[in-house]
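The numbers here are math on the coordinates, done by the rules we state, and not lab data. From a predicted model like this one, the values you see are computed outputs, not experimental measurements. Positions of Cβ are backbone-derived with ideal geometry, glycine not excepted, and every protein chain shown enters the neighbour counts.
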Amino acid sequence: MNNDIVLAGAVCRLRPYRLSDVEGLRAAADDPLVSRWMTATFPSPYTRTDAREWVARAVSDPVPQHFVVEVGGSFAGAAGVMALNGEHRGVATFGYWLGRAFWGRGIATDAARTLARHALGAGGFRRLEAAVFAPNVASARVLEKCGFTLEARMRDSYVQRDGSICDGLFYARLSWDPEPPPNSPQLVAPRVP
């Protein structure tokens with residue numbers, strides 16, 4: 001296992017999971033507002049067992065593809081890529097999430113930009129793909145700020161956790177797409193839950 005990959009952003013850092021991340025992961029992920037626009041593979045409620053199983057899986061990757069988003073030494077969320085294969089080799093799905101206490105501070109944009117730069121550079125991918133529940137405007141905006149292009153609106157493609165149906169938005173970024181202009185990260189005081 002290669003745990004040497006640490007990616008430094010402007011306001012956060014991305015590092016491989018550690019076995020000691022179980023409680024931080026559970027605490028940040030066990031929130032219905034965090035899970036509401038995640039796919040059904042993201043458990044809700046998010047139990048300690050769920051966290052242990054995910055961390056065990058993540059630390060077993062020979063080359064980390066799933067990273068903890070860390071802010072000031074705290075577990076803020078996660079970001080990762082999942083390589084596709086066969087006729088889609090060189091392509092990866094791309095995703096990220098943050099605990100609610102870290103929303104609205106530019107951290108998601110910084111984490112996504114940092115991971116995309118790595119994945120499309122040293123990571124060797126030529127294309128990153130990300131799907132978003134259409135009501136999740138904030139996540140769509142993060143992708144756009146990170147140089148992703150909206151390629152499709154997938155009508156009625158998601159069943160939300162409350163049972164309602166919504167569209168999906170399909171974004172992609174290519175390794176030769178221009179680097180998005182650097183934005184000054186929005187630094188604001190931490191939210192108090």
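Structure notes:
- Placing +1 on the Cβ of every Lys and Arg and -1 on the Cβ of every Asp and Glu, with nothing else charged, gives segment 7-174 a dipole about its Cα centre of roughly 380 debye.
- Global geometry of segment 8-86, whether rounded, prolate or oblate, following the gyration tensor of its Cα atoms and the 1.5 cut on a/c: rounded
- At most 15 other Cβ within 10 Å, DSSP loop - trypsin sites (Lys or Arg not before Pro), segment 1-67: Arg18, Arg36
- Linear extension gain, His88 paired with Asp177, 0.36 nm per residue minus alpha-carbon span: 30.2 nm
- Exposure proxy ranking for Glu151, Glu129, based on other Cβ atoms within 10 angstrom of each Cβ and starting from the fewest, stands as Glu151, Glu129.
- Exposed-loop-free span, longest in the chain, where chymotrypsin sites (Phe, Trp or Tyr not before Pro) count as exposed if DSSP calls them loop and at most 16 other C-beta atoms lie within 10 Å: 1-102
- By the count of other C-beta atoms within 10 Å, a proxy for reagent exposure, His88, His118 are ordered fewest to most as His88, His118.
- Nearest-0.05 FRET efficiency for Thr49 and Arg100, computed from C-beta distance (R0 30 Å): 0.85
- Distance cut-off 22 Å, percentage of C-alpha pairs in the chain lying past it: 46
- A simple spin-label model places the labels of Ala10 and Ala56 4.0 nm from each other, with each point 7 Å out along Cα-to-Cβ.
- Computed over the chain, the per-residue total of -39500 (n - 2.57) for DSSP H runs of n ≥ 4 gives a 222 nm mean residue ellipticity of -7000 deg cm²/dmol, rounded to 500.
- Going by neighbour counts of Cβ atoms within 10 Å, the residues Asp61, Asp30 line up, fewest first, as Asp61, Asp30.
- Remark: segment 8-59 carries a charge dipole of roughly 180 debye about the Cα centre, counting +1 on each Lys and Arg Cβ and -1 on each Asp and Glu Cβ.
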